[in-house]
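Quick notes on the structure that follows.
The values are calculated or read from the model by the stated rules, or taken from the named source; none is laboratory data. All values reported here derive from a predicted model rather than from experimental measurement. When we count neighbours, we look across all protein chains shown, and the Cβ atoms used for this are built from the backbone with ideal geometry, even at glycine. Protein only, heavy atoms only, side chains kept; ligands, DNA and RNA dropped before computing areas. Shrake-Rupley method; radii C 1.70, N 1.55, O 1.52, S 1.80 Å.
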Amino acid sequence: MTARNDYEPLSEDSLRARIGAIADVAKRLGNAPEDWGVREVGDGNLNLVFIVDGADASVIVKQALPYVRLVGDSWPLPLYRAYFEHEALSRQAVRDPGSVPEIYHFDPDQALIVMEFLSPHTILRQKLIRGETVAGLADFLGDFCARTAFRGSELSMDSGAKKADVAIFAGNVAIPAITEALVFTDPYFAAEMNHHTPGLDGVIARLRGDVALKIEAQRMLQAFASNTETMVHGDLHSGSLMCTDAETKVIDPEFAQYGPLGFDIGMLIANLLMAYFSQPGHRDETACADMQGWILSVIDGTRDRFNTEFRHLWSSERTGMLYPATLFEDQGHDSTPACDRVLKDLWADAMGIAGIEMHRRCLSLAHNADFEDIEDPAIRAPLEARNLMMGRELVLSRFDTDLPGRIGAIARRHNEENFL
Ligand code: SR1
Ligand code: MG
């Protein structure tokens, strides 16, 4: 896991030599390295990402930089995150087969992963901004979140194996620290790297003056930092999903850690809600109404599919130490109320995470293109205000058992409001 001193960030030229020396990758690409097309396409916050086009195939080469790309070398970041990304991808491929890109090669010393080039997939966030829909999205997302949550927990895993895995991922310290600060803490005070759209000051003062909200955000941080229920993707937003018009894959799990069962589904729903609230900034009223309706149907569908798949796994794969059949079915007791209770806690966490994620993407360091691409702050601010106020409602109402079923209605209500 510790990188050697010969780490070098790749350039388009040095990549040819580095990747050309990996026999099976070079063979997959086909022609000679000097004839490959090489493009750096990374538009994320942290890493270098190259597309390498050979005569027979294309691959992605992703390399961690020793600092946060978004900020520069004033914010160092350990290269070991590539190791955790590789470990997480391997586990996700087993827990939900076909959901993540295939890995062709991993070089821990160069913090470099060579993987499947997904084509003609594009980032879901861009599709939502462009007003494009994806068939089967909700089912895919519900299945992915339920399967990775359930199969990475002690509802399913052998306890010793799960605890050994928790120990491995406990080494990923620097990356969770980003989430702990940027997601859970910075939105609620004037942190140095924060920025926000002009016009939002009144709404922000309301949020930062809301002690009950800050207590709930800190309770969620406490759970995030200490609850190791399952291996979470850790950054499951619409920029971590690549889609065609009918297929979806999950990428970029370098923020993986053990955390709450509801973390990924909560972050995902938050990002779908941000896509929803930002739509009026991207298209005319009729097209906007259609797209917003579709996004809410994806949220509802994802929630329902998640619950169905989780319950299915509960009845078919509950092989771990938690809620064992010996305590329920073997004694003639239905375990459905136990599953209901687990889901109730899971959704309370998910709704809390969702609200906090909706806050941080408008107030903290790393904003979403959904809102950022709306050039005129006078159009952007009222849309972000709706998003911020709905985030508050989700956090404060997270223990209401009917809240997940009311997401669409709450979003529609906020979409009609002017909070400025
Ligand atoms: C400094 S990293 C900022 C954000 O980018 C990543 O994609 C995560 O979402 C992180 O919070
Ligand atoms: Mg990412």
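A few remarks follow.
- Summing Lys and Arg as +1 and Asp and Glu as -1 over all other residues whose Cβ lies under 14 Å from the Cβ of D252 gives a net charge of -2.
- Per-residue ³J(HN,Hα) for the stretch 78-95, Karplus 6.51 cos²θ - 1.76 cosθ + 1.60, θ = phi - 60°, Hz, x for Gly and Pro: x, 5, 4, 5, 5, 4, 5, 5, 4, 4, 5, 4, 4, 6, 4, 5, 7, 6
- Dipole of the stretch 181-222, positive direction: furthest Cα of A181, L200, Q222, with charges on the beta-carbon: Q222
- For the residue pairs K127/K162; K27/K163; K62/K127; K163/K344, the C-alpha atoms sit more than 32 angstrom apart in K127/K162; K27/K163.
- Karplus (6.51, -1.76, 1.60) ³J(HN,Hα), θ = phi - 60°, over the stretch 110-127, in Hz, Gly and Pro reported as x: 9, 6, 10, 10, 9, 9, 4, 8, 7, 8, x, 5, 10, 4, 4, 4, 5, 5
- Per residue, the Cα convex hull of the stretch 36-192 amounts to 171 Å³.
- Taking D284, D349, D109 as the candidate residues, the one with maximal mean-square fluctuation in a Gaussian network model of the chain, Cα springs under 10 Å, is D284.
- Amide H partners (placed H, <5 Å) of Y104, local residues excluded: V114, M115, E116
- More than 40 Å apart - percent of Cα-Cα pairs taken over the chain: 17 percent
- Magnitude of the charge dipole, the stretch 293-350, Cβ model with Lys/Arg +1 and Asp/Glu -1, debye to 20: 120 debye
- The trypsin sites (Lys or Arg not before Pro) of the stretch 1-100 meeting both criteria, a DSSP state outside H, G, I, E and B (loop) and at most 15 other C-beta atoms within 10 angstrom of the site's C-beta, are R4.
- Cβ-based net charge around P382, under 14 Å, with every Lys or Arg adding one and every Asp or Glu removing one: -3
- Summed over the residues of the stretch 12-116 and divided among them, the accessible surface reaches 42 Å² per residue at a probe radius of 1.4 Å.
- Spatial separation of Cα centroids for the stretch 85-136 and the stretch 191-217, in angstrom: 34 Å
- Charging the Cβ of each Asp and Glu at -1 and of each Lys and Arg at +1, and nothing else, the dipole of the stretch 122-415 about its Cα centre rounds to 460 debye.
- Charge tally in the Cβ shell below 13 Å around T197, where Lys, Arg are +1 and Asp, Glu are -1, T197 excluded: -4
- In order along the stretch 254-266, the phi-based Karplus estimate (6.51 cos²θ - 1.76 cosθ + 1.60, θ = phi - 60°) of 3J(HN,Hα) comes to 6, 8, 4, 7, 7, x, x, 4, x, 5, 5, 5, x Hz; Gly and Pro are listed as x.
- For Q257, the residues whose modelled amide H falls within less than 5 Å of its own, excluding neighbours fewer than 5 places apart on the same chain, are V232.
- Extending 7 Å from Cα along the Cβ direction at E8 and again at T244 yields two label points whose distance is 3.8 nm.
- Residues in the stretch 316-420 average 42 Å² of solvent-accessible surface per residue, probe 1.4 Å, ligands and nucleic acids excluded.
- Rounded percent of accessible protein surface that carbon and sulfur make up, the chain, 1.4 Å probe: 51 percent
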